[in-house]
1. Can you give the calculated 222 nm mean residue ellipticity of the chain, where each DSSP H run of n ≥ 4 adds -39,500 (n - 2.57) and the sum is split over every residue, rounded to the nearest 500 deg cm²/dmol?
2. Here are labelled values, (i) 38, 21, 14; (ii) 33, 30, 18; (iii) 35, 25, 16, and one is the computed semi-axes √(5λ) of the Cα gyration tensor in Å for what I pasted. Which one?
3. Dimensions of region 92-163 along principal axes (Cα, Å, largest first)?
4. Leaving out ligands, DNA and RNA, what percent of the accessible area of the chain is carbon and sulfur, probe 1.4 Å?
5. Would you mind telling me which residue in Leu98, Leu196, Leu107 has the biggest mean-square fluctuation in a Gaussian network model of the chain, where springs connect alpha carbons within a distance under 10 angstrom?
6. For every other residue with a beta carbon closer than 11 angstrom to the beta carbon of Arg22, add +1 if it is Lys or Arg and -1 if Asp or Glu, then tell me the sum.
7. Leaving out ligands and nucleic acids, note down the accessible area per residue over region 128-250 with a 1.4 angstrom probe, in whole Å².
8. For a bin width of 5 Å, list the pair-distance distribution of region 132-229 built from all Cα-Cα distances, rounded to whole %.
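The values are calculated or read from the model by the stated rules, or taken from the named source; none is laboratory data. Bear in mind the structure is a predicted one, so any value in this text is a computation, not a measurement. FYI the Cβ positions are ideal-geometry reconstructions off the backbone, even for glycines, and counts take in every protein chain you see. Ligands, DNA and RNA are excluded from the accessible area calculation, which covers all protein heavy atoms including side chains. Shrake-Rupley method; radii C 1.70, N 1.55, O 1.52, S 1.80 Å.
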Amino acid sequence: SWIVADKGWLLAENDYSQSEARCVGYLSGCTALINLVESDKDFHKYNASAFFGVPYEQIDKPLRDLAKRVNHGSAYNMGASVLLDTMGPKKVAEARILLKLPAKWTLIQVCQHLLRTYELTYPEVKKDWYDDLKRTIKMTKKLVSPLGWTRYFFADPASSKPALNAAVAHSPQNLSVSIINRVFYSVWWETMYGKLRGKVRVKAQIHDSILYCHNTEDSPKVVGELMQYPAQITDCHGTTRTMVIPNDCG
């Protein structure tokens with residue numbers, strides 16, 4: 001709402017699709033999550049179906065929105081009380097009715113149930129990957145990303161939930177942003193010295209997207225191609241896969 005394209009130029013934004021969820025899947029080696037993000041299914045609708053036992057075709061907006069909340073919270077080790085604070089008591093009470101959960105359940109019990117649905121759907125994330133993070137930091141005091149970024153830890157995630165939360169959030173978020181940092185530079189270089197010179201003006205990196213102005217019809221496609229960065233990811237079981245995060249232009 002506060003950026004206006006120059007005369008003769010258009011604003012565009014190429015946005016990575018489910019970037020952090022992909023990173024969680026590939027880092028943990030959870031094949032169910034990897035298969036989902038690489039499929040053509042709507043990510044949050046599929047999760048709603050898997051979490052709540054409702055056929056995919058019957059997932060409506062309230063169930064999809066609820067699954068979105070649960071996915072983000074549980075993937076990053078959110079506790080039930082924090083989920084209650086994040087969603088708010090009214091939304092949690094509505095979720096209890098929506099899912100036909102026992103009326104006698106407290107709001108905390110509802111939140112515990114919601115977070116548990118993610119753990120049952122993607123067990124490798126909450127068990128194998130978390131255990132590997134704890135073990136790695138216990139032995140080395142650091143985490144090294146697939147792209148070489150090193151973060152040192154001064155607390156033990158095996159005995160400190162805040163430390164575990166920090167490790168869990170750091171790995172996919174750092175990887176996602178490190179990838180977009182690299183492609184951001186590639187896009188910028190092409191605007192200065194390459195095939196996008198005079199055609200694209202880079203404006204900003206926004207979380208997992210690139211905002212820019214362009215004046216040719218094919219420029220968004222070229223930006224999208226430059227953002228297809230193949231990253232070699234070795235999961236917590238030692239299996240290496242190539243991850244390419246797709247992007248959409250809006």
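1. On the way: 10 runs with 127 residues, N = 250.
After summing the helix terms and dividing by the residues of the chain, the value is -16000 deg cm²/dmol.
2. Computed from the coordinates, semi-axes √(5λ) of the Cα gyration tensor in Å corresponds to (iii).
3. Projected onto the principal axes, the Cα atoms of region 92-163 cover 47, 21, 17 Å.
4. 54
5. Leu98
6. So the surrounding residues net to -2.
7. Here the per-residue accessible area is 53 Å².
8. 2, 12, 21, 15, 11, 9, 9, 8, 7, 4, 1, 0
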